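**Q** A single structure is presented below for examination.
Taken together, the values in this text are just the output of simple stated rules run on the coordinates, not laboratory data. This one's a predicted model, so the numbers in the text were calculated from it and none came from an experiment. A quick note on method: Cβ atoms are made from the backbone with ideal geometry, for glycine too, and the neighbour counts reach across all protein chains shown.
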Amino acid sequence: MVKNILFVCTENSARSQIAEAFFNHYNENTEYFGISAGTDPAESIKQEAVKVMREKGLDISKQQPKTLTLEMTLKAHKIYTMGCVKTCPLTPPEKTEDWELEDPAGKPIEKFREVRDKIERRIRKLTAELEQTG
């Protein structure tokens, strides 16, 4: 059975979508699959997020923001919040880690790149750890 790695932010329109895309790109352990959701999902993915991910060769333009559900958190093997752990009431502390990433919304494209690069580094570390355990 596949174990879900859940990435959560408020709108599910940038940070958590970036994390999901990087996770599923870098992860080679077939026991795990990345998904993302938001506590208050936006209408669509932020265009800046789409742009900075295209710069890395990944297309997230077809992704849609999803609502975080209790079922998602119960099924998740591990949950990573992007800096919204205080506003994520559904995330059980025993399997949640907050990455404390700044929300780039409304900021210049350089902030999106900075946050993207931080997420990429964390995802590479995470997938390397999962490969060792799997």
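**Q** Give me a comma-separated list of calculated 3J(HN,Hα) values for segment 19-32, in order, Karplus coefficients 6.51, -1.76, 1.60 applied at θ = phi - 60°, integers in Hz, x for any Gly or Pro.
**A** 4, 4, 5, 4, 4, 6, 6, 8, 5, 10, 8, 5, 6, 10
**Q** Sticking with this one: I need the shape label for segment 31-92. Rule: rounded when a/c is under 1.5, else prolate if a/b > b/c, else oblate, with a, b, c from the alpha carbon gyration tensor.
**A** Because a/c hits 1.5 or more and a/b exceeds b/c, segment 31-92 counts as prolate.
**Q** Moving on to the next point. Say we join alpha carbon atoms closer than 10 Å with springs in a Gaussian network model of the chain; which of A19, A105, A37 then has the biggest fluctuation?
**A** Fluctuation is largest for A105.
**Q** Then there's this: As a check on your grasp of the helix formula, calculate [θ] at 222 nm for the chain: sum -39500 (n - 2.57) over DSSP H runs of n ≥ 4, divide by the residue count, round to the nearest 500.
**A** Calculated mean residue ellipticity at 222 nm is -12000 deg cm²/dmol.
**Q** Cα gyration tensor of segment 1-52, axes a ≥ b ≥ c as square roots of the eigenvalues: rounded (a/c below 1.5), prolate (a/b > b/c) or oblate?
**A** oblate
**Q** Could I ask something else about it? With springs only between Cα atoms under 10 Å, which of E120, E55, E102 fluctuates most in a Gaussian network model of the chain?
**A** For the chain, modelled as a Gaussian network with Cα springs under 10 Å, the answer is E55.
**Q** Tell me, what HN-Hα J-couplings in whole Hz come from the Karplus equation 6.51 cos²θ - 1.76 cosθ + 1.60 at θ = phi - 60° for each residue of segment 62-73, using x for Gly and Pro?
**A** Taking θ as phi minus 60°, the curve returns 8, 5, 10, x, 10, 7, 5, 10, 4, 4, 4, 5 Hz for segment 62-73.
**Q** Same structure, new question: Using only the Cα atoms of segment 3-133, build the gyration tensor, take square roots of its eigenvalues as a ≥ b ≥ c, and label the shape rounded, prolate or oblate: rounded if a/c is under 1.5, else prolate if a/b is larger than b/c, else oblate.
**A** Oblate is the answer for segment 3-133, as a/c is 1.5 or above yet b/c matches or exceeds a/b.
**Q** Sequence-distant or interchain residues sharing an amide H contact under 5 Å with D98, placed H: which?
**A** T81
**Q** Next question. Quick one: which of K51/K125; K62/K118; K51/K75; K3/K107; K75/K107; K46/K78 span more than 28 angstrom between C-alpha atoms?
**A** Beyond 28 Å between Cα atoms: K51/K75; K3/K107; K75/K107.
**Q** How far, in nm, would the chain grow between K111 and D40 when pulled straight, counting 0.36 nm per residue and subtracting the alpha carbon separation?
**A** Fully extending the segment from K111 to D40 adds 23.4 nm.
**Q** Take the alpha carbon atoms of segment 4-27, find their center, do the same for segment 104-128, and report the distance between the two centers in whole angstrom.
**A** With segment 4-27 and segment 104-128 each reduced to a Cα centre, they are spaced 11 Å.
**Q** At 0.36 nm per residue, minus the direct Cα-Cα distance, what do R124 and V2 gain on full extension? Give it in nm, one decimal, please.
**A** My answer for the length gained is 42.0 nm.
**Q** If the only charges are +1 at each Lys and Arg Cβ and -1 at each Asp and Glu Cβ, what is the size of the charge dipole of the chain around the Cα centre, to the nearest 20 debye?
**A** So the magnitude is around 180 debye.
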